[in-house]
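One structure is given below, encoded as structure tokens.
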Amino acid sequence: QKFLKSLILERIGEIRSYKKAPELLSNNICGAVAELQAGYMAKKGERTSAQEDENLADPVKRLKSYGASKKAKGAEITAEISLEGQITYMDLSDDITSSWLNEKNSVKTIENKAFTVCALAFEINAEKDTLYVAFVFGDKAVGNNLTKPSQPATVTEEPAKEEPKTASTAEDSKKEEP
């Protein structure tokens, strides 16, 4: 995956330099969001920039849920590439970047000078023999302090249930001491 990422990032970097856009820097928050979306697409078996969860519905909401500032701006481009037959990393990088360069909105995202940070993630759906790609872009307001989205209430209740056990265990050990 590292080699494929480097090939794609090199091509995107060339396009951006031609448009005098700043070099993109790797970002932890963008990385978490790209991995989340690539996994989501592979699980659903379809290319999308949306999600059903309202807090993760679009790329900007996902960035903010993973720790980006409230002023952060971002975008995401995705790809769905068949892995049937013999295919090389060069073929894959060509197919992925070509698909983006043939889409007006993807080109606008790639060339956007406000975007300074990014991350790229891949996930395979083995049943469909398809590679899903998510490329997340962000501006300087994204930051780099990755936090996990807040968990559902049922998950946060578990530690509270464990506290009484810990307290009773501490009481039991006090009883054993004398």
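Condition check for Tyr18 on (1) among the hydroxyl-bearing types (Ser, Thr, Tyr); (2) farther than 13 Å from Glu111 by Cβ; (3) surrounded by fewer than 19 Cβ atoms within 10 Å (Cβ to Cβ): one failure, at (2).
Which of the residues belonging to region 73-106 are of a type in the set (Gly, Ala, Ser) and surrounded by fewer than 19 Cβ atoms within 10 Å (Cβ to Cβ)? Listed by number, the residues that qualify are Ser82, Gly85, Ser98, Ser99. Testing Pro149 on (1) in a loop (DSSP other than H, G, I, E, B); (2) modelled with pLDDT of 95 or more, one condition comes back false. Which one is that? Condition (2) is where Pro149 drops out. Of the residues making up region 28-49, those that are more than 22 Å from Leu9 (Cα to Cα) and either open to solvent by 70 Å² or more (accessible area, probe 1.4 Å) or of a type in the set (D, E, K, R) (or both) are Lys43, Lys44, Glu46. Anything in region 52-76 that is over 19 Å from Asp139 (Cβ atoms) and either of a type in the set (Val, Ile, Thr) or touching a helix residue (DSSP H, G or I) at 6+ places or on another chain (Cβ under 6 Å) (or both)? List them, or say none. Passing the criteria: Asn55, Leu56.
Residues of region 50-72 that are out of contact with any Gly (no Cβ under 7 Å at 6 or more places or on another chain) and surrounded by fewer than 18 Cβ atoms within 10 Å (Cβ to Cβ): Ala50, Glu52, Asp53, Glu54, Asn55, Ala57, Asp58, Lys70, Lys71. So, in region 114-124, exactly how many residues are open to solvent by less than 30 Å² (accessible area, probe 1.4 Å) and not in a strand (DSSP E or B)? Of the residues in region 114-124, 1 are open to solvent by less than 30 Å² (accessible area, probe 1.4 Å) and not in a strand (DSSP E or B).
The values are calculated or read from the model by the stated rules, or taken from the named source; none is laboratory data. Quick caveat, the model's predicted, so the values are computed rather than measured. Cβ atoms come from the backbone with ideal geometry, glycine included; neighbour counts cover every protein chain shown. Only protein heavy atoms, including side chains, enter the accessible area calculation; ligands, DNA and RNA are left aside. Shrake-Rupley method; radii C 1.70, N 1.55, O 1.52, S 1.80 Å.
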